[in-house]
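Heads up: the structure comes next, in structure tokens.
Here, each number is a calculation from the coordinates, and none is a lab measurement. Everything numeric here is computed off the predicted structure, so don't read it as measured data. Here the Cβ positions follow ideal geometry from the backbone for every residue, glycine too, while neighbour counts run over all protein chains shown.
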Amino acid sequence: MQAVSNTSPLRYLIAVDHAELLTGLFGEILIPTGGAEELADEGAPSIVRQWIAKPPTWLRILPLQSPPDAELMASLDRGEREAIQLTTEQKADVLIMDEWRGRAIAQRKGLPLVGALAVLGDSYQRALIDEPLKILADMRQEGFRISGQLVMKFEVLLQTKYAR
């Protein structure tokens, strides 16, 4: 399986030392050049910059083959538009993205999507992690934004859909 990740889910999983969940679920992870540059930006936490400076073998950084379309250029930041474009170009199995604008456009384009919560839920279901809510709390402490209502829905899903 091949997945493309937008910057945000990868950045927060790196920050809480759980980036390997992505390869555990999806195998090879692709990110666009713009995503790698965002992870290496001096405004990113040092742990994230160090990680992307020596990426694991399961991560491939790829340039786009063609520029994103006008809708992507007008509506999204570089990381999001490049992730959607790369997913399309590589015919990846899934796009990992949390930002609502990017998700809405990706859904309109028919791209298969998951977000950080699905990564945590699926990882829990497959026994790759034991405490998804603690990891989510750690991600929130690092700045990951999510509504309290969505956290409550995730707690219910852990007891139903993701129960093991």
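Here is how the numbers come out for the structure above:
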item	result
Binned Cα-Cα distances of region 120-164, short to long, each 10 Å bin given as a whole percent	29, 55, 16
Mean projected area (nm²) of the alpha-carbon convex hull when region 2-116 is viewed from all directions	6.4
Part-to-part distance (alpha-carbon centres) for region 5-63 and region 96-164, which is given in Å	17
Three-way shape call for region 34-94 based on the alpha-carbon gyration tensor, with the a/c threshold at 1.5	oblate
Helix-only CD estimate at 222 nm, as mean residue ellipticity for the chain, using -39500 (n - 2.57) per DSSP H run (n ≥ 4)	-16000 deg cm²/dmol
Zero-based 10 Å bins, Cα pair distances in region 1-69, whole percents	21, 57, 21, 1
Exposure proxy ranking, count of Cβ atoms within 10 Å, fewest first, for VAL151, VAL16	VAL151, VAL16
Relative contact order %, region 2-116, counting alpha carbon pairs below 8 Å whose residues are six or more apart	32
Cβ crowding within 10 Å averaged over residues, with 110-118, 74-82, 5-13 ranked highest first	5-13, 74-82, 110-118
Pairs of lysine residues in region 22-164 - Cα separation under 29 Å, sequence separation of 8 or more or cross-chain	9
At 0.692 mPa s and 37 °C, Stokes diffusion of region 78-164 via Kirkwood alpha-carbon radius, µm² per second	234
J(HN,Hα) series, region 101-114, from Karplus relation 6.51 cos²θ - 1.76 cosθ + 1.60, nearest Hz, glycine and proline x	5, x, 4, 4, 5, 4, 5, 4, 7, x, 7, x, 10, 9
Residues whose placed amide H lies under 5 Å from that of LEU113, excluding near-sequence neighbours	LEU95
